[in-house]
Amino acid sequence: MSRLEQLFRERQKKSLLMPYITGGYPTVHECRHLLEAFIAGGADMIEMGVPFSDPLADGPVVQASTQKALDEGVTPDDVLAIAAGFSGRLPVVLLVYYNCVFAYGQERFAAAAAAAGVAGLIVPDLPVDEADEFINICRSRGLDPVLLVAPTSTAERIRMIAAQASGFIYCVSVAGVTGARTSLSDQLPDFLGRVRAVTSAPLAVGFGVSTPEQAAMVAEHADGVIIGSKLISMVADAGDIDIAVKAVESFLSQVNEVIK
Amino acid sequence: MSTPVRFGPYGGRYVPETVIPALDELTAAYERLRGDPGFQAQLAELLKNFVGRPTPLYLAERLGARLGGPRVYLKREDLAHTGAHKINNTVGQLLLAVEMGKRRIIAETGAGQHGVATATSAALFGLPCAIYMGEKDIARQELNVVRMKLLGAEVIPVASGSRTLKDAMNDAIRDWVTNVSDTYYVIGSVAGPAPYPAIVRYFQSVIGHEAREQILAAENRFPTELIACVGGGSNAMGLFSAFLDEDVRLTGVEAAGEGLDTGKHGASIERGRRGVLHGSLSYVLQDAYGQILEAHSISAGLDYPGVGPEHSFLHDEGRVRYDSVTDREALNAFTLLSGVEGIIPALESAHAIAYLVKHADRFSRDDLVIVNLSGRGDKDVHQAARVLGMIS
Ligand SMILES: Cc1ncc(COP(=O)(O)O)c(C=O)c1O
């Protein structure tokens, strides 16, 4: 059983808390402080992005964080080094655009991620149809290739994705890019139901979750709640890393209470 | 009829899962309508009476004489409605959009020619239209921004990244991912995820079909060489497609910008490596970590760090030769063609002319060359005048 499967299987909570941060944002050093805040706030897993120049699945908030990290000179190697520092404490999953993996070399990237103790890789622009080689490479390194399903996925595609799924399935809450939303789609339970109908893999929901109330709603239907843009906005708005760390920890603690 | 997803190793569909079903839907609609006589009749009618096709194949005798060599024909896409080849593709895709029941049109644009062509075609069908355009391009292609607005389109400035075509395409894709159920995304070149490269090539292949008939009628033989500029590569694919199986040299001209060794250029094939940008695997300008680099060209339509996947394939196969000319060489050709033939070319097309001028000594009197004059230069007059010191 993979580390992610074990994490979901053995959980004591209704839904796992899975916060996201762009690796190396706002700086490599400050990013580590934020990850400490994730742990203090009750995170069960860390999702960390590898900054990419053209993140086309991301909305303005994650885009800006990515640009900031790139301006700081953050590289995939830096993000892997940050991951290595936390992967002994809780599972780390990297979100990485395909060209970063491709340029690094798929084999080499998977090997480096495995060496850093990373548990899984999410590639938002690598749909299942293109992913055969990548999936095999991940598996051979003991990494879970985490696949995404969307509300627009047909029944046939959901089955295709479920058949290849590892670790968990990343369910995109709405058709769209990442970003906090004031309300989540009321189609979400129905969408998750369609996915559940064809797989026993754990389902994590991301894109748009930005309040404890929304997280509680998601937790009624999903095995994991992913929160990203909201946290990055909090960091950007705080302006000061100590304030940001406190705010993030306190927000995650609140969310953690309601998804237990 | 099956639509290619890959050209050799290139192409594919590297986009979020959210839009994959829409790509499947588009592929199905395209394959169905391509063989539909009603659709073909509508397309032919629009190309004739709205776009103004066929465009002439013009023998540029004074240019040929100036070069002391070949017989040079210009395929006059600059005479198509809206002033560039881009309209061939947009009327075709709008017909698809309407048939698919889409209610809203979006597109990216660099030089603004594709934006104008999309806005024009959307107006023709009475559909609302939003065009993403980098802030840098908005500043240097002002005329086209005004045209798009007059045509009823919303022009959405893009402030991220290099603020050019690449970033406009990112934001157009993000819009599409968000509004995919009712929105049709009109990609402007033979780039993007499958089936777009094949669809755009198909709608642009009218250039090659006409040129083939016209040159055989005029000269009773095939040309020695075809020359076209390559941004994403749609005007080049359109012209080349009818000659791929003939014994004809094919040359694509990329933007060398300030020089290939300055790092400020748009020569994705000559200086790029394999990578994934905007949904397909192709040659891409990128750093060692796969971060996409800013391209540079005086011509907004060639200022793009990627290239259509079929071009990467044709390059590897050795079927098409790719070369490049600098901003300066393109400007000189812009001036030359204006003065010698009374035709002000788009700066993009001036790259193709510049290649011919630069290598005039390679051609003999027996050679027969077709240059794709992909667009007219009105949009570039202001910028060129500034660079040439005619205005301050
Ligand atoms: C007149 C003209 N030619 C060429 C291009 C480059 O595009 P492509 O390489 O797809 O033909 C453009 C793009 O804006 C253009 O406006």
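The values are calculated or read from the model by the stated rules, or taken from the named source; none is laboratory data. In this text, all values refer to a predicted model and were calculated from it rather than measured experimentally. All Cβ positions, glycine included, derive from the backbone under ideal geometry; neighbour counts span all protein chains shown.
For (1) in a strand (DSSP E or B); (2) modelled with pLDDT under 95; (3) farther than 25 Å from A:PHE52 by Cα, each residue gets a yes or a no:
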{"site": "B:LEU239", "(1), (2), (3)": "no, no, yes"}
{"site": "B:LEU244", "(1), (2), (3)": "no, no, yes"}
{"site": "B:LEU250", "(1), (2), (3)": "yes, no, yes"}
{"site": "B:ILE269", "(1), (2), (3)": "no, no, no"}
{"site": "B:GLY275", "(1), (2), (3)": "yes, no, no"}
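Give just the number: which of (1) within 27 Å of B:GLY11 (Cβ to Cβ); (2) free of Cβ contacts under 8 Å to residues at least 60 places away in the same chain; (3) away from chain A (no Cβ under 13 Å) does B:VAL186 not satisfy?
(2)
Checking the condition modelled with pLDDT under 95 and either more than 13 Å from the ligand (Cβ to nearest atom) or touching a strand residue (DSSP E or B) at 6+ places or on another chain (Cβ under 7 Å) (or both), which residue from B:VAL357, B:VAL340, B:VAL381 passes?
B:VAL381
Output the helices (runs of 4 or more DSSP H) that fall wholly within the stretch B:45-143 and possess 3 or more residues being more than 14 Å from every other protein chain (Cβ to nearest Cβ) and within 16 Å of the ligand (Cβ to nearest atom), or say none.
B:86-99, B:113-125, B:135-140
Condition first: crowded, with 24+ Cβ neighbours inside 10 Å, of a type outside the set (A, V, I, L, M) and touching a strand residue (DSSP E or B) at 6+ places or on another chain (Cβ under 9 Å). Now tell me which residues in the stretch B:106-127 satisfy that.
Across the stretch B:106-127, the qualifying residues are B:GLU108, B:THR109, B:GLY110, B:GLY112, B:GLN113, B:HIS114, B:GLY115, B:THR118, B:SER121.
Is there a residue in the stretch B:294-317 that is away from the ligand (no atom under 14 Å from the Cβ), over 25 Å from B:GLY112 (Cα atoms) and more than 20 Å from the chain's Cα centre (by Cα)?
Yes, the conditions are met somewhere in the stretch B:294-317.
Which of the residues spanning the stretch A:104-133 are away from chain B (no Cβ under 11 Å) and part of a helix (DSSP H, G or I)?
Hits for the stretch A:104-133 are A:GLN106, A:GLU107, A:ARG108, A:ALA110, A:ALA111, A:ALA112, A:ALA113, A:ALA114, A:ALA115, A:ASP132, A:GLU133.
Does B:PHE222 qualify as being among the aromatic types (Phe, Trp, Tyr) and not in a helix (DSSP H, G or I)?
When the stated conditions are applied, B:PHE222 passes them.
Could you count how many residues in the stretch A:181-195 are of a type in the set (A, V, I, L, M, F, W, C) and within 14 Å of chain B (Cβ to nearest Cβ)?
2
Evaluate the following for A:ASP78: is it within 14 Å of chain B (Cβ to nearest Cβ), out of contact with any Cys (no Cβ under 6 Å at 6 or more places or on another chain), among the charged types (D, E, K, R) and without any contact (Cβ under 8 Å) to a residue 40 or more places away in the chain?
Here the answer is no, as A:ASP78 does not meet what is asked.
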